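No value in this document is a laboratory result; all are computed from the given coordinates. Computed from a predicted model, the values in this text were never measured in an experiment. Heads up, the Cβs are rebuilt from the backbone with ideal geometry, glycines too, and the neighbour counts pull from every protein chain shown.
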Amino acid sequence: MDIAWEDGKRSTYTGEQLRWACPCAECRGEGGAPGRLARLTTLSPDELLIKDVTLVGQYAVQIAFESGHATGIYTFPYLRNLGA
Amino acid sequence: MPTVSVPSSQQVLEVLGHIQDPDLGRDVVTLGMIKELEVSPQGKVSFTFELTTPACPVRDRFKTQAQDLVGDLPGVTGVEVRMTANVRQSFMRPKPSEILPGVKQTIAVASGKGGVGKSTVAVNLAAALRLSGAEVGLLDADIYGPSVPAMTGSRSVPEQVNGKLQPIEAHGLKLMSFGHIYPGEQPTIYRGPMVGKAIEAMMVQVDWGRLDYLVIDLPPGTGDASLTLAQAVPLTGVAIVCTPQDVATDIAVKALQMFRKLNVPPLGLIENMSWYVCSECGHRHEIFGHGGAEAAAKRLGVPFLGAIPLEDDIRADSDKGTPVVISRPESAGAKAFVHIASQVAARTSIQSFRQLPVINVH
């Protein structure tokens, strides 16, 4: 996936990178409890393949992976940081 | 007698290029506002001056400037300026939004705190934009306390055509409110997720058609309704309404900061119930204090869009179902609303030149 930012900068991401960066509560953990990604060291290939990307309002994108995982809302500042 | 040759189109554009749009910060030729330019062999110059909003606050100034600048060119015998407006699609999007395909600009009216007159402002803002010549819709996103039907005197139930709800028409506006769908005294008793669904339905399942502006009257709070909206549609911007006292401005600031987090640009702050002129003594009373919203706007670095007086007539006409900008256009309240509408339109035009990040997946 790549993003052309408002200021002209471009960032490129791999599905793998985005999957490991998923910001959702299940992956990250909540209330101090570690999330799923903290317990894993590998993910199956269909977890790493982007199926669909939808715009959320004008502040974020929601990324759906082939595995069906689609709960992560990646805000633009977060992605910008990730792609730096 | 020496003959003066008529100027070329290029020369006309060159002088018109001296007119700067104060809001967009560029000249009107670069912005593509000058169209259908013709220079006749007799030296008559005519062109169309296309504004980005019919509610443009500098409309008359632009016209005079254009006439004077072109009229002063040697060889020009007459100038005809046709003023028109074409509201631009927000964010220079390559394709229209899927959720509201015919809507060019979506403007939310929010406050954080309840009871500051958000709906009154939203109704009059929509009506004032309509009066300027724009096609305007008004979506009442307050599911629990819909007040748009009463304030616009529209109590009819929407009809369904081809599986889509037809908006209610009143005062030249297209309206949709939960109060239209479920009229009467029965309350809507919904948990949060249902509120989101209801608001989405009012966007997707209503046949809004082609609109220059869709004004969205939000309920108080920084929760479900605002979040659903900010996630479902790319809002062009949000106008925040508050009253002058600290207890209201403090909450308005929270609402504004929430929209900032969601990357919805604040169009500015509007101060309602700013002052009251006593009909007995004629004195101006500032019941809720003075300048609270303006000070908050300054602190936050957002525009202050204007102040609206507390008037019996605004309340009375709202209760009777006619926005004050229509019923009493000469009143101080109506003039304040018209001024604010042109400020909102100008700020919205600026936002329409913004671009969102472009995402590509391969």
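Of A:Leu48, B:Leu125, how do they rank once you tally other Cβ atoms within 10 Å and put the fewest first?
Fewest-to-most Cβ neighbours within 10 Å comes out as A:Leu48, B:Leu125.
Can you give me the Rg/Rh ratio for the stretch B:90-351, using Cα atoms for both radii and the Kirkwood formula for Rh?
Value, to two decimals: 0.95.
Taking every pair of alpha-carbon atoms in the stretch B:9-85, what share in percent sits in each 5 Å bin, from 0 to the bin with the longest distance?
Per 5 Å bin, starting at zero, the Cα-Cα P(r) for the stretch B:9-85 comes out as 3, 16, 32, 27, 14, 6, 2, 0 percent.
Over chain B, what relative contact order in percent results from Cα pairs under 8 Å that are six or more residues apart?
Averaging sequence separation for qualifying contacts and normalising by length gives 20 percent for chain B.
Starting from the Cα-Cα distance between B:Asn360 and B:Gln160, subtract it from 0.36 nm times their residue separation and give me the gain in nm to one decimal.
Here the segment from B:Asn360 to B:Gln160 would lengthen by 68.2 nm.
To the nearest whole number, what is the average tally of beta carbon atoms from other chains within 10 Å of the beta carbons of peptide A:1-12?
3
So how do A:Trp5, B:Trp275 line up by other beta-carbon neighbours within 10 Å, fewest first?
Least to most surrounded, the residues fall as A:Trp5, B:Trp275.
Counting other C-beta atoms within 10 Å, which of B:Phe304, B:Phe288 has the fewest, and how do the rest follow?
Ascending number of Cβ neighbours within 10 Å: B:Phe304, B:Phe288.
Comparing B:Leu175, B:Leu310, B:Leu13, which has the greatest mean-square fluctuation in the GNM of chain B with Cα pairs linked when under 10 Å apart?
So, out of B:Leu175, B:Leu310, B:Leu13, the one fluctuating most is B:Leu13.
What is the gain in length, in nm to one decimal, between B:Asp68 and B:His290 on full extension, counting 0.36 nm per residue of separation less the C-alpha to C-alpha distance?
Stretched out fully, the B:Asp68 to B:His290 stretch lengthens by 75.8 nm.
Please get the size of the charge dipole for chain B, origin at its Cα centre, with Cβ charges of +1 on Lys and Arg and -1 on Asp and Glu, quoted in debye to the nearest 20.
For this selection, approximately 800 debye.
Show me, bin by bin at 5 Å from 0, the whole-percent P(r) of the stretch B:40-178 based on Cα pairs.
Going out from 0 Å in 5 Å bins, the stretch B:40-178 shows 2, 8, 14, 15, 14, 13, 10, 7, 6, 5, 4, 2, 1, 0 percent.
Towards the positive end of the charge dipole of the protein assembly as shown, with charges on Cβ (+1 Lys, Arg; -1 Asp, Glu), say which of B:Val58, A:Thr54, A:Ala21 has the farthest Cα.
A:Ala21
Taking the Cα-to-Cβ direction at B:Asp60 and at B:Tyr182 and moving 7 Å from each Cα, how far apart do the two end points lie in nm?
Between B:Asp60 and B:Tyr182, the label points sit 4.8 nm apart.
Please check: in the Gaussian network model of chain B (C-alpha springs, under 10 Å), which one of B:Asp313, B:Asp250, B:Asp72 has the largest mean-square fluctuation.
For chain B, modelled as a Gaussian network with Cα springs under 10 Å, the answer is B:Asp72.
Using 7 Å Cα-to-Cβ label points, what is the A:Leu43/B:Cys278 separation (nm, one decimal)?
Result for the modelled spin labels: 6.8 nm.
Roughly how big is the protein assembly as shown's charge dipole about its Cα centre, with Cβ charges of +1 (Lys, Arg) and -1 (Asp, Glu), in debye to the nearest 20?
660
Could you work out which residue, out of B:Val136, B:Val109, B:Val161, moves most in a Gaussian network model of chain B, that is, has the largest mean-square fluctuation with Cα springs under 10 Å?
Among B:Val136, B:Val109, B:Val161, the largest mean-square fluctuation in the Gaussian network model of chain B belongs to B:Val161.
Please identify the longest segment of chain B free of exposed GluC sites (Glu not before Pro), where exposed means a DSSP state other than H, G, I, E or B and no more than 16 other Cβ atoms within 10 Å.
Value returned for the longest uninterrupted segment is B:1-97.
Show log10 I(q)/I(0) for the protein assembly as shown at q = 0.10 Å⁻¹, two decimals, from a solvent-free Debye sum over equal Cα scatterers.
Each listed q maps to, in turn, -0.82.
Across peptide B:351-359, what mean number of C-beta atoms from other chains lies inside 10 Å of a residue's C-beta?
So the per-residue partner count for this stretch is 5.
Extension gain B:Ser9-B:Glu38, at 0.36 nm per residue separation less the Cα-Cα distance, in nm?
My answer for the length gained is 9.7 nm.
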